[in-house]
């Protein structure tokens, strides 16, 4: 008899992920579900130094170093599905250790990113993954697609539009995925860019099609607050 493997679908700020505990289920998930229903697959395995080892695969099956919305979903999964009841969850990722706090919101803590370059109203930032930020007066998805082609789909592209001193709208084109409803590591990069180049401080709100992210810098970390929902549980069978 074929072994049944459970998977769960969780969403953070519009970004949808399948979470599994078994690498063997990846091919079945990609072939049956991923193209239509999720932005990526998260595999959580045991770790001696963290609550879980976190690995994420994009829609095109490429492996990403880090994903903020994915970390938020992973922490919520440990709390609600695995019943690991604690306040702060630590994950070992391909980019090192990350902490996620669950209180009224799910708070993902990112180390400060770094500039690769900054020129006028655009920049390239390393926040674990590479992010190109463009501050614009109006959004242009055509321009984003051209930038994505220029970078050979190797980096994440974001356009940001200012609403007022604390509210900004943004859209994201993510490497290996396409246009997404939000991107937390992109939001971290946007915050870092606005803080260093335009002097913003304190809390800001980044508005994407998937929802609103609240961001601030605290104790030399960038903290992003989001909300997570469990959508459904499914079963796949080992081939």
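The one condition from (1) under 17 Å from residue 64 (Cα atoms); (2) out of contact with any strand residue (DSSP E or B) (no Cβ under 6 Å at 6 or more places or on another chain) that residue 201 does not meet is (1).
Are any residues in segment 166-182 part of a loop (DSSP other than H, G, I, E, B) and either surrounded by fewer than 20 Cβ atoms within 10 Å (Cβ to Cβ) or in contact with a helix residue (DSSP H, G or I) (Cβ under 6 Å, 6 or more places away or on another chain) (or both), and if so, which ones? So that I can check it myself, show each step before the final result.
Here is the first cut: in segment 166-182, the ones part of a loop (DSSP other than H, G, I, E, B) are 166, 175-177, 181-182.
166, 176, 181, listed by residue number.
Filter segment 213-228 down to residues that are assigned to a strand (DSSP E or B) and farther than 16 Å from residue 70 by Cα, then give me how many there are.
Let us first name the residues in segment 213-228 that are assigned to a strand (DSSP E or B), namely 213-218, 221-226, 228.
Pick out the ones that are also farther than 16 Å from residue 70 by Cα and you get 214-218, 221-222.
Residues meeting the conditions: 7.
Scan segment 62-93 for residues that are under 16 Å from the mean Cα position of the chain (by Cα), over 21 Å from residue 232 (Cβ atoms) and in a loop (DSSP other than H, G, I, E, B) and jot them down. Within segment 62-93, 62, 65, 66 meet the criteria. Screening residue 115 with (1) closer than 16 Å to residue 156 by Cβ; (2) in contact (Cβ under 8 Å) with a residue 24 or more places away in the chain; (3) touching a strand residue (DSSP E or B) at 6+ places or on another chain (Cβ under 8 Å); (4) surrounded by 15 or more Cβ atoms within 10 Å (Cβ to Cβ) gives one miss only, at (4).
Suppose we filter segment 141-165 for residues that are within 22 Å of the chain's Cα centre (by Cα) and loosely packed, with under 14 Cβ neighbours inside 10 Å; how many remain? Total satisfying the criteria: 4. For segment 103-140, enumerate the residues that are outside any strand (DSSP E or B), on the phi < 0 side of the Ramachandran plot and more than 16 Å from the chain's Cα centre (by Cα). Across segment 103-140, the qualifying residues are 103, 104, 121, 136, 137, 138, 139, 140.
Values quoted throughout were computed directly from the atomic coordinates according to the rules given, and no laboratory measurement underlies them. If you're wondering where the values come from, they're calculated on a predicted model, not measured in any experiment. No Cβ is skipped: glycine too gets one built from the backbone with ideal geometry, and neighbour counts run over all protein chains shown.
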